[in-house]
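J.: Okay, handing you the structure first.
The values are calculated or read from the model by the stated rules, or taken from the named source; none is laboratory data. The structure presented is a predicted model; accordingly, all values stated were derived computationally and were not measured. Cβ: placed from backbone, ideal geometry, glycine included. Neighbour counts: every protein chain shown.
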Amino acid sequence: MAVLNYRRWLVGGFIPMAFLPLAFAQILPLDCENAKNFVEKTTCSNPKLTELDSQLFDELEQAAQETKVPVQLLELTQQSWMKARNLCKNTACIEQAYQKRLLEIKNLNTTDQEFVRYFIRMKDKKPDTNLALLQLQTLDEKRLRVLAQTFWTSNDNRHSQTTDFSGYANQAKKITVKDLDTGCILKLSQHKEQWKVWQASPLCGNRNLRFSGLYELQK
């Protein structure tokens with residue numbers, strides 16, 4: 001399997017980045033010969049964590065090769081996840097970070113991609129440094145599912161929030177979606193390949209304001 005070759009060559013340090021497939025330019029298995037920080041060294045010395053890292057790379061490879069998930073989205077979310085993982089101070093935290101990320105990627109790999117589109121929040125024509133993503137899935141002619149995920153840093157801690165919304169689209173390409181757990185409501189309006197998102201309910205609380213912004217379709 002090609003993945004095994006990537007791992008062997010990367011650990012040996014012989015494969016130039018230019019020869020890696022695009023999907024793996026920023027998504028690589030852990031290089032234990034060059035482990036630098038506490039998290040990397042702990043992962044490399046712990047067989048269970050090493051296996052989780054291997055499983056994660058396999059899932060990422062599948063997502064890059066077999067789904068319609070944009071490569072840029074995989075790269076951006078992986079970079080953000082690594083920043084959060086590297087804040088861990090113990091083995092339990094590292095394992096939890098891997099398990100959570102594995103679940104996210106497995107969900108991508110099991111979602112029917114035919115009716116899914118992915119959007120990234122933009123700021124000054126670039127992906128927002130406080131990364132925010134929308135996954136829009138068409139359920140039928142009117143119903144939509146919106147999975148919203150955002151990442152941010154506060155007091156030197158890395159945070160993420162994922163909320164599962166569902167709702168209906170009208171002829172004017174406007175959507176109102178609701179989180180059934182909290183009652184939070186978001187409104188989305190489409191203009192060509194962009195979506196404007198804003199909060200429409202006090203039940204969301206301040207955290208959900210982090211989903212507001214202008215999102216651009218990823219291809």
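J.: Which members of region 188-214 meet the condition of being aliphatic (A, V, I, L, M), surrounded by 13 or more Cβ atoms within 10 Å (Cβ to Cβ) and at pLDDT below 80?
T.: Let us first name the residues in region 188-214 that are aliphatic (A, V, I, L, M), namely 188, 197, 200, 203, 209, 214.
Pick out the ones that are also surrounded by 13 or more Cβ atoms within 10 Å (Cβ to Cβ) and you get 188, 197, 200, 203, 214.
Ala200, Leu203, listed by residue number.
J.: Moving to a separate point now. Is it the case that some residue within region 102-119 is of a type in the set (A, V, I, L, M, F, W, C), exposed (fewer than 15 other Cβ atoms within 10 Å of the Cβ) and either within 26 Å of Glu216 (Cβ to Cβ) or within 15 Å of the chain's Cα centre (by Cα) (or both)?
T.: Going through region 102-119, the residues of a type in the set (A, V, I, L, M, F, W, C) turn out to be 102-103, 105, 108, 115-116, 119.
This time we only want the ones that are exposed (fewer than 15 other Cβ atoms within 10 Å of the Cβ), so: 103, 115.
When the remaining residues are screened for being either within 26 Å of Glu216 (Cβ to Cβ) or within 15 Å of the chain's Cα centre (by Cα) (or both), the result is 103, 115.
Yes, region 102-119 has at least one match.
J.: Can you go through Leu10, Leu56 and tell me which one is surrounded by 12 or more Cβ atoms within 10 Å (Cβ to Cβ), part of a helix (DSSP H, G or I) and modelled with pLDDT of 75 or more? Let's see the steps before the verdict.
T.: Details: Leu10 fails: modelled with pLDDT of 75 or more.
From the options Leu10, Leu56, the qualifying one is Leu56.
J.: Residues of region 91-126 being of a type outside the set (A, V, I, L, M, F, W, C), within 20 Å of Leu186 (Cβ to Cβ) and at pLDDT 85 or above, which ones?
T.: Arg121, Lys123
J.: Of the residues that sit in region 27-46 and are of a type in the set (Asp, Glu) and surrounded by 15 or more Cβ atoms within 10 Å (Cβ to Cβ), which one is farthest from Ala92 (Cα to Cα)? Give the steps one after another, and end with the answer.
T.: Filtering region 27-46 for residues of a type in the set (Asp, Glu) gives 31, 33, 40.
The next check asks that each one be surrounded by 15 or more Cβ atoms within 10 Å (Cβ to Cβ); those that pass are 31, 40.
Details: Asp31: 21, Glu40: 14 Å.
So the residue we want is Asp31.
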